[in-house]
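Engineer: First, the structure itself, so that you have it in front of you.
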């Protein structure tokens, strides 16, 4: 085998392009350290500001801005209660969000691939989707037998529309070459929707799910203000009634952490599911 | 009559723009036809009409005596951008084609056959890989393997090697010829290209489409004996004469467009 053909052989091996590694390991570590410092800057400033505000503007016995250390202790003491609250809130979040995801994907993909269904349903969606689901809360509580059900209903509505609209957009935007390919192979009906349209629309669907998840958290905490006896939103409202600011702020911080973890979890699932994207 | 492709009086317009006008063409079974033309000559459109992805406004298309009414497994297509499903591995892309062509096969059998086709096109190392992990040349090989797996007697190829570098293009041309010559009966191939050398190296016949609207402006047999060797072909005067006359035809068509514009 000549040198030329050997060179050609190696050229034929497909490679996924890898980024060039830093020439020295120290340079890479230095760069990473700098990135961490940059990202932490906002937190450090806020924390410093908080300490300063608590030290220099105490504002009486029960300050509106509690001292960070007082808040930390309140958080520690409330952990059991916050944990129960988390479970309670998730018992509303999960059924509502999962149902919204399933129905949103199925209906979105069906409508997105059918011009007739689009003509029939998009005008309705354009009017119904923007209605803030918060206005349904009192009515849902009055109509549905339990508070949990009404909260789940409101969460469902809030998450359904973004997922439905994004799934429909993703199905509609299916690239022509994949559609042609599917036609030549003779793919149609369920097989076509499941093996071609759904995977192709997944990037859009995940976008819709991220928006829907954010809405779900907002709606469930608001719903809990209305009539729950446990939950994260309920926790903050309860201690507001007692003007217990350390516990309130602790509740806010904890809820922030929970939402962050949920969104990160969804992001991780998305990355795994869309591994085939360039 | 044995399988053949017949086009009669094909007219095709899109948005009031006339793309094809009065195309008449008959391609007998087993012939390798290179379809040449400048960009905008409607050659890709013609291929899509034969594939059944679009319908002409006028005229008749028939394959094997039957009118073409839509896409089908008897007419396989290899697109310029391979159109492999990126969410499936290469072997699954082939297996799904086998499953549609021969639904009675089981999952294991389909995979085994798919692996076979991938070996035939030299993709042993890429069987379970995903399209995003492959180079352009490898993806195009996979697309060819998929078209072969369909078992279509008619292969429609739309500038399949256009996006490849010259070395890979030459390799895939040779691979295509190897596969085509080994089959019995030979498949009918309509190969769209704008590269004159490629058209002459591969085809039994060169059909040249003029532009706007597309019309058949030349139809020449390519009679060099098979198992063609690039070096001796490019050295032969017969090849150069043919090449010159084709280049002239294409240039005249381009000038006509410039004057008309």
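The values are calculated or read from the model by the stated rules, or taken from the named source; none is laboratory data. Bear in mind that the values here come from a model prediction, so they are computed numbers and not experimental data. Cβ: placed from backbone, ideal geometry, glycine included. Neighbour counts: every protein chain shown.
Engineer: Output the residues belonging to region A:234-278 that are under 30 Å from residue A:204 (Cβ atoms) and over 17 Å from the mean Cα position of the chain (by Cα).
Structural biologist: Passing the criteria: A:275, A:276, A:277, A:278.
Engineer: Of the conditions (1) at pLDDT 90 or above; (2) more than 14 Å from every other protein chain (Cβ to nearest Cβ), residue A:141 satisfies every one except a single condition; which number is it?
Structural biologist: Just one mismatch for residue A:141, condition (1).
Engineer: Follow-up. Could you list, in sequence order, the residues of region B:54-70 that are within 14 Å of chain A (Cβ to nearest Cβ) and surrounded by fewer than 20 Cβ atoms within 10 Å (Cβ to Cβ)? Steps first, answer last, please.
Structural biologist: Step one: filter region B:54-70 for residues within 14 Å of chain A (Cβ to nearest Cβ), giving B:54-55, B:63, B:68-70.
B:54, B:55, B:69, B:70 - these are the residues of region B:54-70 that are within 14 Å of chain A (Cβ to nearest Cβ) and surrounded by fewer than 20 Cβ atoms within 10 Å (Cβ to Cβ).
Engineer: Hey, another quick one. Going through B:39, B:44 one at a time, which residue ends up being within 27 Å of residue B:173 (Cβ to Cβ), part of a loop (DSSP other than H, G, I, E, B) and more than 10 Å from chain A (Cβ to nearest Cβ)?
Structural biologist: B:39
Engineer: I would also like to ask the following. All but one of (1) at negative phi; (2) surrounded by fewer than 18 Cβ atoms within 10 Å (Cβ to Cβ) hold for residue B:227; which doesn't?
Structural biologist: (1)
Engineer: So for region B:126-133 (the condition being more than 14 Å from chain A (Cβ to nearest Cβ) and either under 15 Å from residue B:83 (Cβ atoms) or out of contact with any strand residue (DSSP E or B) (no Cβ under 8 Å at 6 or more places or on another chain) (or both)), does at least one residue qualify?
Structural biologist: No, the conditions are met nowhere in region B:126-133.
Engineer: If the requirement is being part of a helix (DSSP H, G or I) and surrounded by 18 or more Cβ atoms within 10 Å (Cβ to Cβ), which of these qualifies: B:209, B:242?
Structural biologist: Unique residue meeting the criteria: B:242.
Engineer: If you scan region A:186-214, which residues turn out to be closer than 23 Å to residue B:76 by Cα and part of a helix (DSSP H, G or I)?
Structural biologist: Hits for region A:186-214 are A:189, A:190, A:191, A:192, A:193, A:194, A:195, A:196, A:197, A:200.
Engineer: Only one of these is out of contact with any helix residue (DSSP H, G or I) (no Cβ under 7 Å at 6 or more places or on another chain), under 25 Å from residue B:200 (Cβ atoms) and modelled with pLDDT under 90: B:39, B:2. Name it.
Structural biologist: Result: B:39 is the single residue among B:39, B:2 that is out of contact with any helix residue (DSSP H, G or I) (no Cβ under 7 Å at 6 or more places or on another chain), under 25 Å from residue B:200 (Cβ atoms) and modelled with pLDDT under 90.
Engineer: Among A:183, A:177, which is the only one that is within 14 Å of another protein chain (Cβ to nearest Cβ), assigned to a helix (DSSP H, G or I) and at pLDDT 90 or above?
Structural biologist: Details: A:177 fails: at pLDDT 90 or above.
Of A:183, A:177, the one residue that is within 14 Å of another protein chain (Cβ to nearest Cβ), assigned to a helix (DSSP H, G or I) and at pLDDT 90 or above is A:183.
Engineer: Turning to a different aspect of this structure: Please go through region B:152-164 and give me each residue that is in contact with a helix residue (DSSP H, G or I) (Cβ under 9 Å, 6 or more places away or on another chain), in a loop (DSSP other than H, G, I, E, B) and at pLDDT 90 or above, ordered by number.
Structural biologist: Across region B:152-164, the qualifying residues are B:152, B:159, B:160, B:161.
Engineer: Further, regarding this structure: Return only the number of the condition from (1) at pLDDT below 80; (2) in contact with a helix residue (DSSP H, G or I) (Cβ under 8 Å, 6 or more places away or on another chain) that residue A:51 does not satisfy.
Structural biologist: (1)
Engineer: Looking at region B:89-125 only, could you name the residues that are within 14 Å of chain A (Cβ to nearest Cβ), part of a loop (DSSP other than H, G, I, E, B) and within 16 Å of residue B:150 (Cβ to Cβ)?
Structural biologist: Within region B:89-125, B:102, B:103, B:121 meet the criteria.
Engineer: In addition: If the requirement is being surrounded by fewer than 20 Cβ atoms within 10 Å (Cβ to Cβ) and in the same structural domain as residue B:115 (by TED's automatic domain parsing), which of these qualifies: B:162, B:136?
Structural biologist: B:136
Engineer: Do the conditions hold for residue B:171, that is, is it within 13 Å of chain A (Cβ to nearest Cβ) and within 15 Å of the chain's Cα centre (by Cα)?
Structural biologist: Answer is no for this residue.
Engineer: Moving on. Looking at A:138, A:145, which one is assigned to a helix (DSSP H, G or I) and either more than 30 Å from residue B:79 (Cβ to Cβ) or assigned by TED's automatic domain parsing to the domain that holds residue A:230 (or both)? Spell out how you get there, then give the answer.
Structural biologist: Values: A:145 fails: assigned to a helix (DSSP H, G or I).
Of the residues listed, the single one that is assigned to a helix (DSSP H, G or I) and either more than 30 Å from residue B:79 (Cβ to Cβ) or assigned by TED's automatic domain parsing to the domain that holds residue A:230 (or both) is A:138.
Engineer: Given the structure, is residue A:113 at pLDDT below 95 and either outside the structural domain of residue A:164 (by TED's automatic domain parsing) or touching a helix residue (DSSP H, G or I) at 6+ places or on another chain (Cβ under 6 Å) (or both)?
Structural biologist: yes
Engineer: Any chance region A:218-235 includes a residue that's within 14 Å of another protein chain (Cβ to nearest Cβ) and assigned to a helix (DSSP H, G or I)?
Structural biologist: No, because not a single residue in region A:218-235 is within 14 Å of another protein chain (Cβ to nearest Cβ) and assigned to a helix (DSSP H, G or I).
Engineer: Something else now. Restricted to region B:91-101, and to residues that are touching a residue at least 40 places away in the same chain (Cβ under 8 Å) and over 19 Å from residue B:122 (Cα atoms), which residue is surrounded by the fewest Cβ atoms within 10 Å (Cβ to Cβ)?
Structural biologist: B:100
Engineer: A follow-up question, please. Somewhere in region B:228-241, is a residue under 20 Å from residue B:161 (Cα atoms), assigned by TED's automatic domain parsing to the domain that holds residue B:49 and in contact with a strand residue (DSSP E or B) (Cβ under 9 Å, 6 or more places away or on another chain)?
Structural biologist: The answer is no; no qualifying residue exists.
Engineer: Only one of B:79, B:32 is within 14 Å of another protein chain (Cβ to nearest Cβ), buried (at least 22 other Cβ atoms within 10 Å of the Cβ) and in contact with a strand residue (DSSP E or B) (Cβ under 8 Å, 6 or more places away or on another chain); which?
Structural biologist: Result of the check over B:79, B:32: B:79.
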